[in-house]
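**Student:** The following block contains the structure, expressed as structure tokens.
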Amino acid sequence: MDMPERTAAPLPVATIQRRILRLRGERAILDVDLSAVYGVSTRRLNEQVKRNRSRFPTDFAFQLTPSEKREVVAICDHLPRLKFSRSLPWAFTEHGAIMAATVLNSRRAVEMSVFVVRAFVALRRVVAEHPELAAKLDRIERRLGDHDRQILALVRALRRLIAPAPVPRKRQIGFRPGA
């Protein structure tokens, strides 16, 4: 039995834009956010994706790995419930979000897909208008990865320095029978 569609007001494009993440080099929106936009439960969205798996190649939708899930939960303040979910979320690219609207076959999903596409297009336009910003962000991302490795090496070195030195065994003085 299908759940009744939610009748919330449409979300502004800016709100949808904030839900679009960069995952595996693609701009994507998580199933929990897309289902909220389309006014259906996340469970129903994922059921329809599974039923229509041939319509969702990996460049349309992909399931996050456990480490990607942890990273997304750490970055996104609006996803605290996802932290304790046993299932791994799905991420939908622009084409996957449109395809999801078609398989959901609800009026709200079709109407809201226009706003989702506009949000993806607006983000693409920002990147196209500011390629130097995109390049700078890529450099910062690489540098942060290097810094993480350097900080980890520093922490290990500090731990070795603060670890207590092994106490040398004292030589016993006196007579030892059998020695």
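The values are calculated or read from the model by the stated rules, or taken from the named source; none is laboratory data. Everything numeric in this text was worked out from a predicted model, so none of it was measured. Note that we place each Cβ from the backbone using ideal geometry, even for glycine, and neighbour counts take in every protein chain shown.
**Student:** Please tell me if residue 111 is within 30 Å of residue 56 (Cα to Cα), at pLDDT 75 or above and either acidic (Asp, Glu) or touching a helix residue (DSSP H, G or I) at 6+ places or on another chain (Cβ under 8 Å) (or both). Break it down into steps so the answer makes sense when it comes.
**Tutor:** Working: within 30 Å of residue 56 (Cα to Cα): yes; at pLDDT 75 or above: yes; either acidic (Asp, Glu) or touching a helix residue (DSSP H, G or I) at 6+ places or on another chain (Cβ under 8 Å) (or both): yes.
Considered against the rule, which asks whether it is within 30 Å of residue 56 (Cα to Cα), at pLDDT 75 or above and either acidic (Asp, Glu) or touching a helix residue (DSSP H, G or I) at 6+ places or on another chain (Cβ under 8 Å) (or both), residue 111 comes out as yes.
**Student:** Quick check on this structure: which one of 175, 120, 115 is surrounded by 10 or more Cβ atoms within 10 Å (Cβ to Cβ), more than 17 Å from the chain's Cα centre (by Cα) and among the aromatic types (Phe, Trp, Tyr)?
**Tutor:** Answer to the selection: 115.
**Student:** Let me ask you something else. Where residues in the stretch 24-43 are touching an Asp or Glu at 6+ places or on another chain (Cβ under 9 Å) and either among the charged types (D, E, K, R) or part of a helix (DSSP H, G or I) (or both), which of them is surrounded by the most Cβ atoms within 10 Å (Cβ to Cβ)?
**Tutor:** The extreme case among them is 38.
**Student:** Here's a follow-up. Quick test of your reading of the structure: residue 175 fulfils all but one of (1) part of a helix (DSSP H, G or I); (2) not assigned by TED's automatic domain parsing to the domain that holds residue 52. Name the failing condition by number.
**Tutor:** Result: residue 175 passes all but (1).
**Student:** Does residue 139 satisfy the criteria of being without any contact (Cβ under 8 Å) to a residue 12 or more places away in the chain, closer than 20 Å to residue 23 by Cα and under 21 Å from the mean Cα position of the chain (by Cα)? If you could, list the steps in order and put the result at the bottom.
**Tutor:** On the way: without any contact (Cβ under 8 Å) to a residue 12 or more places away in the chain: yes; closer than 20 Å to residue 23 by Cα: yes; under 21 Å from the mean Cα position of the chain (by Cα): yes.
Spelling it out, residue 139 is indeed without any contact (Cβ under 8 Å) to a residue 12 or more places away in the chain, closer than 20 Å to residue 23 by Cα and under 21 Å from the mean Cα position of the chain (by Cα).
**Student:** Keeping to the stretch 89-108, report how many residues are modelled with pLDDT of 85 or more and more than 18 Å from residue 19 (Cβ to Cβ).
**Tutor:** The total comes to 2.
**Student:** Answer yes or no: is there a residue in the stretch 123-131 that is assigned to a helix (DSSP H, G or I) and in contact (Cβ under 8 Å) with a residue 24 or more places away in the chain.
**Tutor:** yes
**Student:** Here's a follow-up. Looking only at the stretch 74-107, count how many residues are surrounded by fewer than 19 Cβ atoms within 10 Å (Cβ to Cβ) and assigned to a helix (DSSP H, G or I).
**Tutor:** So the count comes out to 11.
**Student:** Output the qualifying pairs, or none if there are none: Cβ atoms under 7 angstrom, residues six or more apart or on different chains, first residue in the stretch 33-49 and over 16 Å from residue 120 (Cα atoms) and at pLDDT below 90, second residue of a type in the set (Asp, Glu) and surrounded by 22 or more Cβ atoms within 10 Å (Cβ to Cβ).
**Tutor:** Going by the 7 Å Cβ cut-off, there are no qualifying pairs.
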